[in-house]
Ligand code: SAM
Ligand code: SF4
């Protein structure tokens, strides 16, 4: 079992399988474009499978595949298939922008990837293009409906919180009410040098807005380690709402996460620039002993909390993200 210095049990691994993406979301990628990692730097299928095996032996019971966009990664379903074969009881999950989901739904179902988070920031095709840089709104909506209709997935729609999210709330609720999905609003985190703090909307502002629009009931017993859960009943319908406030209400004390980047680095905090190189050792030796040692040392040094919003703090290596990795490389 992996337990850090603050007695947090780390049993959830988020695995970024690629830094590549078929969208260019403004909050995730820099406007000047990104240079993708050379092919050789990115872990191969069997390397992901081996590393996930190492973490599983340490008691990790939940793996979420993310990216970049995981579904653009060649051989992605092969990773899922082998991980499922090796770890029949592992809770496997996926976060995707949904563009290529139609081709993946059967495989995800077959390999029991039940928890599916799809990112969709808007119900307007025009705003979708403005946020993502691509005209894929209709395709994503079509794929979300396919996923809903398959009645297999535990589906969450993730959106980054902007003032426009509030303006569009009725459209979201009208569309998703009665469809057994959770709408999750994530406070925007400051990735990259182009972060515009004036457009930040807090989760408290969202909650206040929802209260003004209908009945909002907190569902404490459904809270997850990161999300506050609510039931909302408004004129456009009823819906489950999750609020994820990494900026204004830190959830670091409940954090159970580790992150494996697509180039084989272990991160113990999304917001820390500190990384532990697993790839070099992975490629040097067939023996997992040295990997085990690095993982134990990394877990031991996991910072107590992030210091976003406190840019002058450096301290234990969990500082503001200004020069940290791109979100698309880390895996959100
Ligand atoms: N490409 C996939 C997707 O978009 O779902 C997976 C990777 S993406 C980095 C994972 C999640 O991170 C998405 O839900 C995205 O909205 C979120 N995200 C990206 N940049 C963010 C930011 N600056 N603040 C908050 N959430 C962010
Ligand atoms: Fe958008 Fe996800 Fe791609 Fe980032 S990784 S640009 S959030 S689709």
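Computed from the coordinates by the stated procedures, all read-outs in this text should not be read as laboratory data. Keep in mind the model is a prediction, meaning the values are calculated, not measured. Every residue, glycine among them, receives a Cβ derived from its backbone with ideal geometry; neighbour counts consider all protein chains shown.
Hull surface divided by four, with the convex hull built on the Cα atoms of the stretch 86-140: how many nm²?
Computing the convex hull of the Cα atoms and averaging its projections yields 4.3 nm².
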Legend entry - Using distinct alpha-carbon pairs, which all enter the 1/r mean, Kirkwood radius of the stretch 128-226 in Å: 15.5 Å
Inset, instruction - Compute the acute angle (0 to 90°) between the alpha-carbon long axis of helix 137-149 and the principal axis of greatest extent of the alpha-carbon atoms of the chain; round to the nearest 10°. - result: 80 degrees
Legend entry - For a label point 7 Å along the Cα-to-beta-carbon line of residue 224, residues of the stretch 237-258 with backbone N under 13 Å: 241-245, 256-257
Legend entry - Dimensionless Rg ratio for the stretch 195-270, taking C-alpha atoms and the 2.2 N^0.38 Å reference: 1.38
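Between residue 135 and residue 280, what FRET efficiency follows from the Cβ-Cβ distance if R0 is 41 Å, with the result rounded to 0.05? List each step's numbers first, then the result.
Numbers: r = 41 Å, r/R0 = 1.00.
FRET efficiency, residue 135 to residue 280: 0.50.
Using 0.36 nm per residue of separation minus the Cα-Cα distance, give me the extension gain between residue 61 and residue 40 in nm, one decimal.
Net length gain for the segment: 4.7 nm.
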Legend entry - Inter-label distance, nm, simple model (7 Å from Cα along the C-beta direction), residue 81/residue 171: 4.0 nm
Legend entry - Rounded tilt (10° steps) of 45-57 against the dominant C-alpha axis of the chain: 90 degrees
Inset, instruction - Once you have the Cα-Cα distance between residue 217 and residue 150, take 0.36 nm times their residue separation minus that, and quote the gain in nm to one decimal. - result: 21.2 nm
Legend entry - Extended-chain gain in nm, criterion 0.36 nm per residue less alpha-carbon gap, residue 3 and residue 198: 66.4 nm
Legend entry - For 288, 121, order by how many other beta-carbon atoms lie within 10 Å, fewest first: 288, 121
Inset, instruction - Using Cα centres only, tell me the gap between the stretch 1-54 and the stretch 133-187 in whole Å. - result: 24 Å
Inset, instruction - Calculate the all-directions average of the projected area of the stretch 63-212's alpha-carbon convex hull, and give it in nm². - result: 10.0 nm²
Legend entry - R0 of 22 Å, Cβ-Cβ distance residue 231-residue 102: FRET efficiency to nearest 0.05: 0.10
Inset, instruction - Would you kindly compute the Cα radius of gyration of the chain and its largest Cα-Cα separation (Dmax), both in Å? - result: 19.3, 61
Legend entry - Cα long-axis angle, helix 203-213 against the chain (0 to 90 degrees, to the nearest 10): 30 degrees
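222 nm [θ] for the chain, helices only, -39500 (n - 2.57) per DSSP H run of 4+, per residue, to 500? Each step should come with its number before you reach the end.
Numbers: 11 runs with 101 residues, N = 332.
Taking each H run of at least 4 residues, the total per residue is -8500 deg cm²/dmol.
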